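A short worksheet on the structure shown next.
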Amino acid sequence: MIKICLDSGHYGKYNQSPCNKKYYESEIVWNLHLFLKSELEKRGIQVITTRLKLENDLSLEARGKHSDNCNLFLSLHTNASSNTSANYSLACCMIDDKTTNIDNISVDLGKKLADKVTEIMTGKINAGKVYRRKSSGNTDYYGVLRGAKKVGTPAILLEHGFHTNIDNVNFLMDVSNLQKIAIAEAEIIAEYFGVVEKSEYDINGDGQVTSADALEILKKVVGK
């Protein structure tokens, strides 16, 4: 069975948007990771998470290491930029490593996810970006990726647009849009690992879910 470790990028109330004071990155990606967990499980994929509650915290590397024996570690975020018109999704992927292929999986799957999220949020095709950053110690800059690397798990830190872009903020604050993203991401991950089933909520296979439907889904997921 395919096993995925989902990481809701931040805990508590973290990274308030300058565009809308009701928006916190931590809360948006918490809801998104609940939707995605549900969508992956409907496709027969086992899912574990790095925190049981939004208020829980865990060190960066510990979160990555939590993915031991998983096929993928996926950390969910929204980005920030001084350029308020920045409007794309970014997959922060593992640095090049000739001793393993997990970095190749990270980049390949990361690009697919970043492209699809960008398409959903902006309508632009193949416009997602991949970013690989080394630390001064010639390891992965991002702690969660370093942690995952230590247990041999392909890892991606996925930025879903920018919470410094008002259009992105408005889009992500609509829970039906979070559900659309979750359905699309689950389908990409399932296809990548050879699992093919549609969401029971995505009747037409087009990722269309109403806001009311998404709220009801979220209530059910939280109640589990």
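The values are calculated or read from the model by the stated rules, or taken from the named source; none is laboratory data. Please read all numbers here as calculations on a predicted model, not as lab measurements. These area figures cover heavy atoms from the full protein model, side chains too; ligands, DNA and RNA do not enter into them. Shrake-Rupley method; radii C 1.70, N 1.55, O 1.52, S 1.80 Å.
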Exercise for review: Report P(r) for region 104-164: all Cα-Cα distances, bin width 10 Å, range 0 to the bin holding the largest distance, values in whole percent.
Suggested key: 21, 46, 26, 6
**Study point:** 1.4 Å probe accessible area per residue over the chain, in Å²
**Key:** 46
Review point. Considering only protein heavy atoms and a 1.4 Å probe, what is the carbon-and-sulfur percentage of the accessible area of region 1-101?
Key: 48
Practice item. Give the relative contact order (percent, whole number) for the chain; include only Cα pairs under 8 Å separated by 6+ residues. Key: 26
Point to revise | Filter on LYS42/LYS149; LYS111/LYS134; LYS21/LYS116 - keep pairs with C-alpha separation over 20 Å | key: LYS42/LYS149; LYS21/LYS116
Study note, to complete from the structure: Amide H proximity to TYR14 below 5 Å, modelled H, separation 5+ or other chain, gives GLU25, SER26, GLU27
Review point. So how long is each side of region 28-103 along the principal axes, counting just the alpha-carbon atoms, biggest first, in Å?
Key: 39, 36, 28
